[in-house]
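What follows draws every value from the coordinates through simple rules; no lab data is involved. What you are looking at is a predicted structure, and each value in this text was computed from that prediction instead of being measured. Quick reminder, even Gly has a Cβ in these numbers, built from the backbone with ideal geometry, and neighbours come from all protein chains shown.
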Amino acid sequence: MVVLVALISIFFNGTRAMAQDPQFSQFYSTPMLLAPSFAGGVRDSRFSLNFRDQWAAIPGKFVTLSAAYDRNFPLFNSGVGFYFMRDVAGSSRLSLTNLGLAYSYLIKISPEWNLRPGVGFYFTQRSIDYSKLIFGDQLTSSPNPGSSVNPFPGKDGVQDVDASSSLIVFNSVFWSGATVDHLLEPNRSFTGNTARAPLRLSVYGGMRLVLAGIQFRPADESVSFAFHYKQQADFKQLDMGLYWYRKPLIAGVWYRGIPFFKKMPGSDAMVFMVGYRMNGFQVGYSYDATISKLGYQTGGSHEISLVYEFAITAKKKWAAVPCPEF
């Protein structure tokens, strides 16, 4: 059992070290984490809440929570949003907390095409509970619980500020965008050394085909194709997916970690999504079925999203990015 726990710890820490940042499968329901350009990308106002439980069968908590609010200000062609994200990884309670502000500006470049640049600034904090760590001398037949961890030559928390920028181009059918995060490269070292977060590049896009509906109104039925490419330091990942929407139901499937690049441990999964959307309210559930060597032993990953769009004031015609809601 001790060997199993040690191997799992090594695997998880290695994977997270390469991937660096937590990720949601339903990333379009956490729009400002994907790109600050999505801030205010609704008719009026939006609340969103997301929860992810990763590798449910592995000891320790690997959970991510996010909450956000954003609003559209069409008089100024602008959108503003606030968001919170917290990720807790493993029994050591290694955590990442971000609290940020996002701003976007809408530019019409033709009657059909739009640009939406955005910028985000956020406070970021990392912390760890050293008392929960297990060291080699604590796994021997005569353990000395205090020898490795007391005192530990490091801090239990570090804080910094960071920034991101993005640009989305879209019309009523196509969308494509890119985000660069960690522009300020915050220091994440607990020991006083320099361990800066590497820049993260995200490129995403897709198209939506309307199968049924009335012109100038939300579609009653549609199919969307989408992709999402991520690169951070040596980590590269390409995901591709398909959504089907028939009012009020949504279903989708993604292949995460298409092997165009050298595979990273645990990056391969099939993601299955179902959702319900009606009168501005939507709820979504997704399950990540691991198809790498870890297989069923991880228990997969579960994710739930809640989004509510509402109007504070009456809004006229607005330019919506045609991407899926999940």
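The table below lists the values:
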{"item": "Sites R246 and A289, calculated FRET efficiency, Cβ-Cβ separation with R0 41 Å, nearest 0.05", "result": "0.95"}
{"item": "Inter-label distance, nm, simple model (7 Å from Cα along the C-beta direction), F82/S127", "result": "2.0 nm"}
{"item": "Cβ crowding within 10 Å averaged over residues, with 198-205, 39-46 ranked highest first", "result": "39-46, 198-205"}
{"item": "For G90, residues with placed amide H under 5 Å, excluding near neighbours", "result": "K61, F62, V63"}
{"item": "Simple spin-label estimate for E221 and L199 in nanometres, 7 Å along Cα-Cβ", "result": "4.6 nm"}
{"item": "Added length on full extension, which subtracts the Cα-Cα distance from 0.36 nm per residue, K61 to M278", "result": "74.8 nm"}
{"item": "Cβ-derived FRET efficiency at R0 22 Å, M207 paired with I107, nearest 0.05", "result": "0.55"}
